[in-house]
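**Student:** The structure is given below, and queries will be raised subsequently.
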Amino acid sequence: MAVRQVLRMGDRRLLERAKPIEKFDTPELHALLADMQDTMADLDGAGLAAPQIGVGLQVVIFGIEQNPRYPDADAVPQTVLINPTLTALAPEMEDGWEGCLSVPGMRGVVPRFAKLRYQGFDQYGNPIDRSVDGFHARVVQHECDHLIGVLYPMRIRDFSSFGFTEELFPDEDITDD
Ligand code: NI
């Protein structure tokens, strides 16, 4: 298994719609997930979508315990989510800071649905059905956006809250991405 190169914004492959997984629990799917886990861990990310390593399939992973990139964020369980569908549970949107391994060195404030239900499958084909809020809901929306070719800067409404991490947060020791 291997740490894979993460595509950066500007690469046209990040704008494509990913295809659903048709067979679960295959060697190919497990190999893809192992590479995604290795890559996310290496870069200290909160999540990663298959299109970010150039694989146009509806597979995302996410989860944080205490991540130095998100010191104030609630913990999110380590999750493999395949063929997801998202349903907003309320119309309210919430602003919050986001970063992305495909947009290294930058942060922006992005509006997201505050309460969300997500459904899909794990790598074995077991169904997942969760209703979440807060940072968990934000991470899911961010990762699943990658499956429809949307990067977080495309969701920003106020570009005065978008910039380089080192300039926005000069007192924080954020060394990666
Ligand atoms: Ni991202």
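**Student:** Starting from the Kirkwood Rh over alpha-carbon pairs, what translational D in µm² s⁻¹ does the stretch 1-98 have by Stokes-Einstein at 20 °C and 1.002 mPa s?
**Tutor:** 144
**Student:** Next up: If amide hydrogens are placed 1.01 Å from N in the peptide plane, which non-local residues have theirs closer than 5 Å to the one on Arg4?
**Tutor:** Thr39
**Student:** What are the ³J(HN,Hα) values, in whole Hz, obtained from phi via the Karplus relation 6.51 cos²θ - 1.76 cosθ + 1.60 with θ = phi - 60°, for each residue of the stretch 139-153 in sequence order, with x given for Gly and Pro?
**Tutor:** After applying 6.51 cos²θ - 1.76 cosθ + 1.60, I find 4, 4, 5, 4, 5, 5, 4, 4, 7, 10, x, 10, 9, 4, x Hz.
**Student:** Under a point-charge model restricted to the Cβ atoms of Lys and Arg (+1) and Asp and Glu (-1), what is the dipole moment magnitude of the chain relative to its Cα centre, in debye to the nearest 20?
**Tutor:** On the way: 16 positive and 29 negative charges, 178 e Å.
Value, rounded to 20: 860 debye.
**Student:** With n ≥ 4 as the cut-off for DSSP H runs, can you work out [θ] at 222 nm for the chain, using -39500 (n - 2.57) per run divided by the number of residues, rounded to the nearest 500?
**Tutor:** My calculation for the chain gives -5500 deg cm²/dmol from helical runs alone.
**Student:** Of all the stretches in the chain, which is the longest one without any exposed loop site, taking GluC sites (Glu not before Pro) in a DSSP loop (any state but H, G, I, E, B) with at most 16 other Cβ atoms within 10 Å?
**Tutor:** Details: sites that count: Glu16, Glu22, Glu65, Glu92, Glu172.
For GluC sites (Glu not before Pro) (loop position, at most 16 other Cβ atoms within 10 Å), the longest site-free span of the chain is 93-171.
**Student:** On the accessible surface of the stretch 12-168, probed at 1.4 Å, how many percent belong to carbon and sulfur atoms?
**Tutor:** Roughly 50 percent, rounded to a whole number.
**Student:** Taking the Cα centre of the stretch 17-119 as origin, work out the dipole magnitude from +1 charges on Lys and Arg Cβ and -1 charges on Asp and Glu Cβ, in debye rounded to 20.
**Tutor:** Working: 8 positive and 14 negative charges, 81 e Å.
It works out to roughly 400 debye.
**Student:** Turning to a different aspect of this structure: Which longest uninterrupted range of the chain lacks any trypsin sites (Lys or Arg not before Pro) assigned by DSSP to a loop state (not H, G, I, E or B) and surrounded by at most 14 other Cβ atoms within 10 Å?
**Tutor:** 24-156
The values are calculated or read from the model by the stated rules, or taken from the named source; none is laboratory data. The shown structure was predicted, so the numbers you read here are calculated from the model rather than taken from an experiment. Cβ coordinates were reconstructed from backbone atoms using ideal geometry, including for glycine residues, and neighbour counts include every protein chain displayed. To get the accessible areas, we keep the full protein, side chains included, count just its heavy atoms, and leave off ligands, DNA and RNA. Shrake-Rupley method; radii C 1.70, N 1.55, O 1.52, S 1.80 Å.
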